[in-house]
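Below: the structure, in structure tokens.
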Amino acid sequence: MTCTTQRMIAILGTFLIIACSSQNLSAQPAQTDTPNVRQRPANREAVKVLKDLEYVPNGHQRQRLDLYLPVNPKARQLPLIVFIHGGAWRAGDKAGGRGQVYSSVASGEFVGASINYRLSGHAIWPEQIKDCQAAIRWLRGNAEKYGIDPERIGVIGSSAGGHLVAMLGTSGDDADYPDPIGEHTTESNRVSAVVDLYGPTNFLTMNDFPGRMDHDAPNSPESLLIGAPIQKNPDKVRAASPLTYVSEDDPPFLIIHGTDDPLVPLDQSIQLDRALDMIGVESTLIRVNGGSHGGFKNPQVRQMILDFWKAKLSGSEWDVEDSEIENQVREN
């Protein structure tokens, strides 16, 4: 074999590897935990991180959280921001919360937390929300120890995490969950404010709009979550819907959703916003024009979230109404 022939074979082999890799990547579903509204990097020395704290003692390895504490807090007790990751309820990790809370904590004005919860491969609904509730109770039960104001707890989540924070917001202390887990079972699991980033709210209507995924399929993320095909088990689905639990005493919501989301239809957020509005709960829906399933490029999204926390957890003004903003900011 000549050197020229060897080089041609090597080049062809490299091309085939790249082509196959590209096909495999394009066949994978879009990642469901990409909020991309991360805060700007902050001084690492300004935040103390406590990792893998068990909110259910001797429980499942996923029943842990990371806590972000300001080194120089501006008050003895600070409001808490809790991040809940996405990943179709079957993937994801609390490490993604670092970018969501770090700068706010570094400012000395907030404490931050990011939680893991059991995925659908570990347990079916309602164990996921029971884990989230247990984490909130643990944080409230340890508020004095970590300088947290137990009356000012906000939650933020993306995609599946958006669904879970919406559930926390509407089902807080609900009697439908009579067997709380963890050691702080007498504490409340209610929260003070919710930021829902493109979370599902009504599984039964997700297929009413075009998208990349068949949500009614037996192996869809939603069916795997409840342990059965969703359309054949409407009662189980309704028990997993934040719409079911909407009530007048729910906390204020900020809901952000891309108009071109191929995985969770925008209508899911519209349904929740309308349900909250109809009963008199404060809700602000921001449509990101041209936005997909996260990956928002407009810095206004990040600023809105920060302003919402300051308003609902720290008492500053909030006069934002339902609106549509552009995903891509055009330069003049």
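Here, each number is a calculation from the coordinates, and none is a lab measurement. Keep in mind it's a predicted model, so treat the numbers as computed, not measured. A quick note on method: Cβ atoms are made from the backbone with ideal geometry, for glycine too, and the neighbour counts reach across all protein chains shown.
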The simple spin-label model distance between Arg44 and Asn72, using points 7 Å out along Cα→Cβ, in nm, is 1.9
Which ³J(HN,Hα) values in Hz, rounded to whole numbers, follow from the phi angles of segment 46-56 under the Karplus curve 6.51 cos²θ - 1.76 cosθ + 1.60, where θ = phi - 60° and Gly and Pro get x?
8, 10, 9, 10, 10, 9, 6, 7, 7, 8, 10
Given the C-alpha atoms of segment 167-308, compute the convex hull and give its volume per residue in Å³.
131
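For the chain, give the magnitude of the charge dipole about the Cα centre (Cβ charges: +1 Lys/Arg, -1 Asp/Glu; no others), in debye to the nearest 20.
Working: 31 positive and 41 negative charges, 309 e Å.
Using only the charged Cβ atoms, the result is roughly 1480 debye.
Could you tell me which of the pairs Lys130/Lys312; Lys130/Lys232; Lys94/Lys297; Lys74/Lys312; Lys51/Lys232 are separated by over 29 angstrom between their Cα atoms in the structure shown? Write down the numbers at each step before the final one.
Working: Lys130/Lys312 25 Å; Lys130/Lys232 24 Å; Lys94/Lys297 23 Å; Lys74/Lys312 18 Å; Lys51/Lys232 41 Å.
Result: Lys51/Lys232 exceed 29 Å.
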If you fit an axis through the alpha-carbon atoms of helix 299-314 and take the longest principal axis of the Cα set of the chain, what angle between them do you get, 0 to 90°, nearest 10?
20
If you average 1/r across every pair of different Cα atoms in segment 94-232 and take the reciprocal, what Kirkwood value do you get, in Å?
16.2
Along each of the three principal axes of the Cα atoms of segment 47-324, give the extent in whole Å, ordering the values from largest to smallest.
50, 43, 32
Please report the antiparallel percentage of the DSSP beta bridges confined to the chain, to the nearest 5.
25
Which whole-Hz couplings ³J(HN,Hα) result when phi for each residue of segment 59-74 is put into the Karplus expression 6.51 cos²θ - 1.76 cosθ + 1.60, θ = phi - 60°, listed in order with x for Gly and Pro?
x, 5, 4, 7, 8, 9, 9, 10, 10, 10, 10, x, 5, 10, x, 8
Using Cα-only point scatterers and the Debye equation, what is log10 of I(q)/I(0) for segment 42-150 at each q in 0.22 Å⁻¹, rounded to two decimals?
-1.14
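Report the semi-axes of the equivalent ellipsoid for segment 95-164 in whole Å, largest first, where each axis is √(5λ) for an eigenvalue λ of the Cα gyration tensor. Each step should come with its number before you reach the end.
Numbers: eigenvalues 108, 47, 17 Å².
Taking √(5λ) for each Cα gyration eigenvalue gives 23, 15, 9 Å.
Run the dipole for segment 136-199 about the Cα centre, Lys and Arg Cβ at +1, Asp and Glu Cβ at -1, nothing else charged, and hand back the magnitude in debye, nearest 20. Please report the intermediate quantities before stating the final value.
Numbers: 5 positive and 10 negative charges, 44 e Å.
Charge dipole, segment 136-199, about its Cα centre: 220 debye, nearest 20.
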Given that compact globular proteins tend to follow 2.2 N^0.38 Å, what is the ratio of the alpha-carbon Rg of segment 153-234 to that value?
1.26
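From Cα pairs below 8 angstrom and at least 6 apart in sequence, can you work out the relative contact order of the chain, rounded to a whole percent? List each step's numbers first, then the result.
Values: 705 pairs, mean separation 51.9, N = 332.
Computed over the chain, the figure is 16 percent.
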